[in-house]
1. If you scan the range 10-28, which residues turn out to be closer than 23 Å to residue 55 by Cα, open to solvent by 80 Å² or more (accessible area, probe 1.4 Å) and charged (D, E, K, R)?
2. With open to solvent by less than 90 Å² (accessible area, probe 1.4 Å) and at pLDDT below 90 as the only criterion, which of 2, 7, 35, 31 stands out?
Amino acid sequence: MAPGSDALDRILNAGIDLARAERAGGPLDEAELMALDCCDEIGGVRTVVAAEAGDPYPRHPQAPCGKDIKT
């Protein structure tokens, strides 16, 4: 195992948790969004979470979430 890979795994796992919260429509503060954007650049965490949900496309961070969509 490469040095630092455990730390990177923990960071990306936290990014996946943030991406799950974002996808569920949970509010993320500015620091969480910045961390999520970085994790997404490094490890494509939004794509991972989209695939978990059976969606081939990651949710765009500025897309309206469930509570913001008017029907």
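The values are calculated or read from the model by the stated rules, or taken from the named source; none is laboratory data. This is a predicted model, so every value here is computed, not measured. Quick note on the areas: whole protein, heavy atoms, side chains included, nothing else; ligands and nucleic acids left out. Shrake-Rupley method; radii C 1.70, N 1.55, O 1.52, S 1.80 Å.
1. Within the range 10-28, 17, 20 qualify.
2. Details: 7 fails: at pLDDT below 90; 35 fails: at pLDDT below 90; 31 fails: at pLDDT below 90.
The unique qualifying residue is 2.
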